[in-house]
Amino acid sequence: MEYPRMNLQRDSYHNLNGLWQYQITERRADPDPSAWKPIHVPFALGTQLCGSEENLPVGKALWYRKQFAYQPGSSHTWIHFEAVDMECMVFVNGMEVGTHKGGYTSFGFDISQYVSYQNSLMLRVVDDSDCGAFSYGKQKVEHGGMWYTPTAGIWGTVWLEDVPKHSVSDIKITPDFDHSCVHVSLAGDFDQALVTVASNGHVVHSGITNDKTYTAPIRDMHPWTVDDPFLYDLYVQTEDDFVRSYFGMRKFSVMNDSRGNPRFALNNQVIFLSGLLDQGYTPDGGYTYRTEQSMIQEIRNVKELGFNLLRKHMKVESRRYYYLCDRLGMLIMQDMPCGGFDHYDLWTMGILPNMGFRCLKDTKKSAFTRNSPVFKENYRQELFEVLDRLYSFTCICSWVPFNEGWGQFDSARITEEIREYDGTRLIDSASGWHDQGCGDFYSLHNYFFPYRQKKDRHHRICLLSEFGGYSHVVQGHNRMKKEYGYRKYEDQAELNKAVFELYEKDILPNISQGLAGCIYTQLSDVEDECNGLWTQDRKVLKIDAAKMRRINDRMKRRGSK
């Protein structure tokens, strides 16, 4: 697998993916020396590509083991994990080196005092899926319909690097489009750093910082756009460390159109957001794409249909994925994965909203089922780990902390805390319903009724953040047990007619009334949910590509006036 952390790169990189061993034990039991079985990392247990047909039962423990050779030098040796679902404890040569909780963020440990030339790496993993206290996304033990098969364990690259004493441990990059400069915030154990910005291999600025912050002017600025995703190179050199990074010069904001309707703006230019809901599931690797090329091809396929946005729904991708979106020019609305609440209440989160009761107060203790203080604290910890991990990526235009009331609580306060942490992006505070009048979007989901755009009394961007969901099964290209979708079509021609009529009747006429964007459900089929534009294996596009491009062109022209 390719280098995973492209916004802080070093030449030192030792990949530990490949053939490992695993076993499942009772929760408090030690592993059995004779019970190890092969597994392929970085594919989670429960996926085809991991090489095992087992799943991790709730209440059990999953153990991993890997033997590896390494030649430690004078630098510090760090071990990194892109993602482990859901809680894990890491041992090197029999010694515990650290723990981590949460299945969607990367982490690492300094193992210098433990590593030698021949090494044994062991992990103990606990993953109670939707029965636990942490976010689980769309995974569910009793899966089916819009809930998917749970996976567990390592699902991101595992790797080693040598880190010098006076090293850079973190970089936060903030483009300042209006002032043609970039703000660089550094963390690490060093006294001085040389910061260099380059464009197409040519140095455009270089300077020294003694306080770990630096502002670099960008003359003749080349903006990052969806159609021209230009990236600058960034280099940071300390007393004995040298790291590479990158950034794009872009700005996300709210602007009024000629009729006074608030719109999404990229680089002070109004654009219409046309996107797809993207669950981020692959047919054989679960959360993990088979190869980098499969990620690239999927992003390109979406762009070729004329879409400019993906809403990453209930999942955080590997950092390599966001780098590719930066490089290829794809906007991302990033959901916080759901989970870590008492239960999914169908009445509050599904039935009442579709009867018109869409604004229940989320400060009431019992309204949205995240009642435990522990669950709330876990959510906040995971949320800000996600914000921190993804902060420097160019493509992410909006944070989505809550969806359809799933575990929603104090969203106005959470929204302001996100704003305080990151004032460069927009916030879709409560996607779908149970809006508290905060954030930058008046964000609605509509699957069952004709859509008519209404004015938002808070003067926010009007976004149809989920619609469609039309289902059609292409035999031989999915793993469906029982078809799930909001409207089902036996014939592909009928599906095409219905999809394009939906855009013609519900989307295009509402753009002049203030609709600033729409997100169709969804990119691909996932298990029983057969409402994707592509089949689960990504081999069949169910709709006419040329017609979809024309529809997207019309929406963008109409929505940019």
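Think of each Lys and Arg Cβ as +1 and each Asp and Glu Cβ as -1; about the Cα centre, that makes the dipole of segment 439-561 roughly 620 debye. For segment 262-416, the solvent-accessible area with a 1.4 angstrom probe is 30 square angstrom per residue. Computed with a 1.4 Å probe over protein heavy atoms only, the accessible surface of segment 93-248 comes to 41 Å² per residue. Taking the chain as a whole, the Cys residues whose C-beta sits 4.7 Å or farther from every other Cys C-beta are 50, 88, 131, 181, 338, 359, 397, 438, 462, 518, 530. Scanning residues 5 or more positions from residue 182 or on other chains, those with amide H under 5 Å from its amide H are 176, 216, 218, with H placed 1.01 Å from N in the peptide plane.
The largest-to-smallest principal axis extents of the Cα set in segment 462-522 are 41, 20, 15 Å. For segment 146-223, the normalised intensity computed at q = 0.19, 0.20, 0.25 Å⁻¹ comes to -0.88, -0.93, -1.22 (log10 of I(q)/I(0), Debye sum over alpha carbons, equal scatterers, no solvent). Here the dipole of the chain is about 1800 debye; that uses its Cα centre as origin and unit charges on the Cβ of Lys and Arg (positive) and Asp and Glu (negative). Remark: relative contact order (segment 129-261) = 20 percent; criterion is Cα-Cα distance under 8 angstrom and separation of 6 or more residues. Please give the length that would be gained between residue 486 and residue 371 if that part of the chain were fully extended, namely 0.36 nm times their separation in residues minus their C-alpha to C-alpha distance (nm, one decimal). This chain segment gains 38.3 nm when fully extended. Taking H as built 1.01 Å from N, whose amide H comes closer than 5 Å to the amide H of residue 281, not counting residues under 5 places away? Counting only residues 5 or more places away or on other chains, the set is empty. Once each of the GluC sites (Glu not before Pro) sitting in a DSSP loop with at most 10 other beta-carbon atoms within 10 Å is removed, the chain keeps 143-489 as its longest stretch. In the structure shown, the pairs 37/172; 138/542; 312/539; 251/364 are assessed against 29 Å; a Cα-Cα span above that value is assigned to 37/172; 251/364.
Comparing 24, 248, 441 along the charge dipole axis of the chain, the residue lying farthest to the positive side is 441, per the Cβ-charge model. In the chain, the alpha-carbon atoms span a convex hull of 146 Å³ per residue. The label-point distance for residue 228 and residue 294, in a model that sets each label 7 Å from Cα toward Cβ, rounds to 3.5 nm. Just need the relative contact order of segment 300-406 here, percent rounded to a whole number, with Cα pairs under 8 Å and 6+ apart. Relative contact order comes out at 37 percent. Counting 0.36 nm for each residue step from residue 202 to residue 361 and taking away their Cα separation leaves a gain of 51.8 nm. Apolar share of the accessible surface for the chain: 49 percent from carbon plus sulfur atoms, 1.4 Å probe. Net charge in the neighbourhood of residue 75 (other residues with Cβ under 11 Å of its Cβ; Lys, Arg +1, Asp, Glu -1) is -3.
Computed from backbone phi, the HN-Hα couplings of segment 227-240 come to 7, 9, x, 6, 10, 8, 8, 10, 10, 10, 10, 10, 3, 9 Hz, rounded to whole numbers (Karplus: 6.51 cos²θ - 1.76 cosθ + 1.60, θ = phi - 60°; Gly and Pro given as x).
When both bridge partners sit in segment 35-172, DSSP labels roughly 95% of those beta bridges antiparallel. The antiparallel fraction among DSSP beta bridges confined to the chain stands at about 70%. Amide hydrogen proximity for residue 111: with H placed 1.01 Å from N in the peptide plane, the residues at 5 or more positions away or on another chain lying under 5 Å are 77, 78, 79.
Hey, if you put +1 on the Cβ of every Lys and Arg and -1 on every Asp and Glu Cβ in the chain, which of 57, 216, 91 ends up farthest toward the positive end of that dipole? The residue sitting most towards the positive pole is 216.
Judged by the ratio a/c of the largest to the smallest principal axis of the C-alpha gyration tensor, segment 123-183 counts as oblate, that ratio being 1.5 or greater while a/b is no larger than b/c.
A simple spin-label model places the labels of residue 172 and residue 65 4.3 nm from each other, with each point 7 Å out along Cα-to-Cβ.
Considering only segment 90-236, what is the antiparallel percent among its DSSP beta bridges, to the nearest 5?
95
Only one residue of 551, 468, 540 has its Cα farthest out toward the positive end of the dipole of segment 439-555, where Lys and Arg carry +1 and Asp and Glu -1 on Cβ, and that residue is 551. The calculated FRET efficiency for the pair residue 553 and residue 479, based on their C-beta separation and a Förster distance of 41 Å, comes to about 0.75.
Compute the length gained on full extension between residue 343 and residue 37: take 0.36 nm times their separation in residues and subtract their Cα-Cα distance, giving the result in nm to one decimal. Can you show the working numbers first?
Numbers: separation 306, 0.36 × 306 = 110.16 nm, distance 3.44 nm.
Full-extension gain reported as 106.7 nm.
Label positions at residue 267 and residue 380, each projected 7 Å from the Cα along the C-beta direction, are separated by 3.9 nm.
Entry note, the chain: relative contact order of 13 percent, from Cα contacts under 8 Å with a spacing of 6+ residues.
The values are calculated or read from the model by the stated rules, or taken from the named source; none is laboratory data. Keep in mind that this is a model prediction, so the values were computed, not measured. Reconstructed Cβ throughout: ideal geometry from the backbone, glycine too, with neighbour counts over all protein chains shown. Side chains included, ligands, DNA and RNA excluded: accessible areas come from the protein's heavy atoms. Shrake-Rupley method; radii C 1.70, N 1.55, O 1.52, S 1.80 Å.
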